[in-house]
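Data first, discussion second: the structure below is written as structure tokens.
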Amino acid sequence: MTPIHKIAAAAATALTLGTATQAADIVEIASGDDRFSTLVAAVSAAGLVETLQGPGPFTVYAPVNDAFAALPEGTVDTLLQPENKGQLTDVLLYHVDDRKLTAEMIPNGSTYFKPVLASERLCISKGADGVSIADGTGETANVIVANIEADNGVIHVVDKVLLPGTRPACH
């Protein structure tokens, strides 16, 4: 078992113990879905589990495992190292909005949204083809599953890890 899978398994076990009578929060939903094992491992390594289990509301743009796998080789392992916790935290918080934004609440066209990583912006576009998100690299993630409801917010599944950088063009 690779280190990332060990972390994900331990985090999923720890997060699901004693929650049978509670409704599902964002972390519990992600922990129960194999598509998010890398995200769960990263949230655990960054120490953000309790934050994302808090009352919220939150909108999380949750990258699937394939999105993490598409990063340059070694990136995920490097980010998961304790000495890179700050950088990992910044990347993860770039995927979180401190409001509950369902897909229906996103206006048609392109609009800047401010993630929790306050110095950054995302450009979220909504049109006939769905919702897409431009990040600080100028690349775009697509929302492949929208509106997974949680007690403390909503999850939108994305096909790319969003990375901070320069403000994306949003027109």
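Here is a list of conditions, (1) free of Cβ contacts under 8 Å to residues at least 60 places away in the same chain; (2) more than 13 Å from the chain's Cα centre (by Cα); (3) under 23 Å from residue 165 (Cα atoms), and residue 103 meets all of them except one; can you say which number that is? Single failed check for residue 103: (3). Checking each residue in segment 146-156 for being of a type in the set (Val, Ile, Thr) and part of a loop (DSSP other than H, G, I, E, B) picks out no residue at all. Among residues of segment 143-164 that are closer than 13 Å to residue 91 by Cβ, those with a beta-carbon under 6 Å from a residue that is at pLDDT below 95 and among the hydroxyl-bearing types (Ser, Thr, Tyr) at least six positions away or on a different chain give the pairs 162/94; 163/137; 164/94.
Looking only at segment 54-88, which residues are among the aromatic types (Phe, Trp, Tyr) and touching a strand residue (DSSP E or B) at 6+ places or on another chain (Cβ under 6 Å)? Before you say what the answer is, go through the steps one by one.
In the first step, residues of segment 54-88 are kept if they are among the aromatic types (Phe, Trp, Tyr); the result is 58, 61, 68.
Passing the criteria: 58, 61.
Sort through 128, 41 and tell me the only one that's small (Gly, Ala, Ser), surrounded by fewer than 20 Cβ atoms within 10 Å (Cβ to Cβ) and free of Cβ contacts under 8 Å to residues at least 40 places away in the same chain. So the residue among 128, 41 that is small (Gly, Ala, Ser), surrounded by fewer than 20 Cβ atoms within 10 Å (Cβ to Cβ) and free of Cβ contacts under 8 Å to residues at least 40 places away in the same chain is 128.
Of all residues in segment 124-145, count the ones that are part of a strand (DSSP E or B) and either touching a Cys at 6+ places or on another chain (Cβ under 6 Å) or within 26 Å of residue 166 (Cα to Cα) (or both). Before the answer, list the steps.
The initial filter retains those residues of segment 124-145 that are part of a strand (DSSP E or B), namely 124-127, 130-134, 140-145.
Next, from what is left, pick out any that are either touching a Cys at 6+ places or on another chain (Cβ under 6 Å) or within 26 Å of residue 166 (Cα to Cα) (or both): 124-127, 130-134, 140-144.
Residues meeting the conditions: 14.
I'm trying to understand the selection: among the residues of segment 67-100, which are part of a loop (DSSP other than H, G, I, E, B) and crowded, with 19+ Cβ neighbours inside 10 Å? Those that are part of a loop (DSSP other than H, G, I, E, B) and crowded, with 19+ Cβ neighbours inside 10 Å: 80, 94, 95. Residue check: residue 104 meets all listed conditions (1) surrounded by fewer than 19 Cβ atoms within 10 Å (Cβ to Cβ); (2) within 23 Å of residue 76 (Cβ to Cβ) but one, namely (2). With the structure loaded, tell me whether residue 71 is closer than 22 Å to residue 166 by Cβ and more than 14 Å from the chain's Cα centre (by Cα) or whether it fails that test. Against the criterion (closer than 22 Å to residue 166 by Cβ and more than 14 Å from the chain's Cα centre (by Cα)), residue 71 qualifies. What do you reckon, is residue 135 touching a residue at least 24 places away in the same chain (Cβ under 8 Å), among the charged types (D, E, K, R), over 13 Å from residue 59 (Cα atoms) and surrounded by 14 or more Cβ atoms within 10 Å (Cβ to Cβ)? For residue 135, the condition - touching a residue at least 24 places away in the same chain (Cβ under 8 Å), among the charged types (D, E, K, R), over 13 Å from residue 59 (Cα atoms) and surrounded by 14 or more Cβ atoms within 10 Å (Cβ to Cβ) - is met.
Check whether at least one residue in segment 114-123 is over 17 Å from the mean Cα position of the chain (by Cα) and either in a helix (DSSP H, G or I) or surrounded by 14 or more Cβ atoms within 10 Å (Cβ to Cβ) (or both), and report yes or no. Give the steps one after another, and end with the answer.
To start, the set of residues in segment 114-123 that are over 17 Å from the mean Cα position of the chain (by Cα) comprises 119.
Within this subset, residues satisfying the condition of being either in a helix (DSSP H, G or I) or surrounded by 14 or more Cβ atoms within 10 Å (Cβ to Cβ) (or both) are none.
No, the conditions are met nowhere in segment 114-123.
The values are calculated or read from the model by the stated rules, or taken from the named source; none is laboratory data. This structure is a prediction, so every number in the text was calculated from the model and none was measured. With ideal geometry, Cβ positions are generated from the backbone for all residues, glycine too; neighbour counts draw on all protein chains shown.
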